[in-house]
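The block underneath contains the structure these notes are about, expressed in structure tokens.
Bear in mind that the values in this text are calculations on the coordinates, not laboratory data. Values in this document were obtained by computation on a predicted structure and should not be read as measured data. For neighbour counting, all protein chains shown are included, and Cβ atoms are generated from backbone atoms with ideal geometry for every residue, glycine included.
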Amino acid sequence: MNIQGVPALLIDGETVIGFDRRRIEELLAQSIIGCSRCGSKLRIPSGKGTIMVTCPRCGERFRAST
């Protein structure tokens, strides 16, 4: 794909094409963590302190700090 003249941003491994302000702000307000059991990458909200997370892939429940 050859896109010219359109800005592209790479945020946490996700490419955002153009100035989609809502999507950019949404991605910046999240953190990526790995599941403690299966290693799946999970997107969690930033700035919420310590939260309980359930992996959708394997069902493991664990605490994560944001």
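Candidates are the residues of the range 5-21 that are touching a residue at least 12 places away in the same chain (Cβ under 8 Å) and farther than 30 Å from ARG61 by Cβ; the one that is farthest from the chain's Cα centre (by Cα) is VAL6.
Going through the range 4-28 one residue at a time, which ones are part of a loop (DSSP other than H, G, I, E, B) and either among the hydroxyl-bearing types (Ser, Thr, Tyr) or exposed (fewer than 12 other Cβ atoms within 10 Å of the Cβ) (or both)? Steps first, answer last, please.
Of the residues in the range 4-28, the ones part of a loop (DSSP other than H, G, I, E, B) are 4-7, 12-13, 18-20.
Listed by number, the residues that qualify are GLN4, GLY5, VAL6, PRO7, ASP12, GLY13, PHE19.
Tally up the residues in the range 22-54 that are within 16 Å of the chain's Cα centre (by Cα) and over 18 Å from THR66 (Cα atoms), please. Of the residues in that region, 3 qualify.
Which residues, taken from the range 29-53, are on the phi > 0 side of the Ramachandran plot and either out of contact with any Ser or Thr (no Cβ under 9 Å at 6 or more places or on another chain) or in a strand (DSSP E or B) (or both)?
Start the filter on the range 29-53 by keeping residues that are on the phi > 0 side of the Ramachandran plot, which leaves 39, 47, 49.
If the condition is that a residue be on the phi > 0 side of the Ramachandran plot and either out of contact with any Ser or Thr (no Cβ under 9 Å at 6 or more places or on another chain) or in a strand (DSSP E or B) (or both), then GLY39 is the only one that fits.
Being among the polar types (S, T, N, Q) and surrounded by 12 or more Cβ atoms within 10 Å (Cβ to Cβ) is the filter here, so list the residues in the range 29-53 that pass it. Give the derivation first.
Filtering the range 29-53 for residues among the polar types (S, T, N, Q) gives 30-31, 36, 40, 46, 50.
Hits for the range 29-53 are GLN30, SER31, SER36, SER40.
Among the residues of the range 54-63, those identified as surrounded by 10 or more Cβ atoms within 10 Å (Cβ to Cβ) and either polar (S, T, N, Q) or not in a loop (DSSP other than H, G, I, E, B) (or both) are THR54, ARG61, PHE62.
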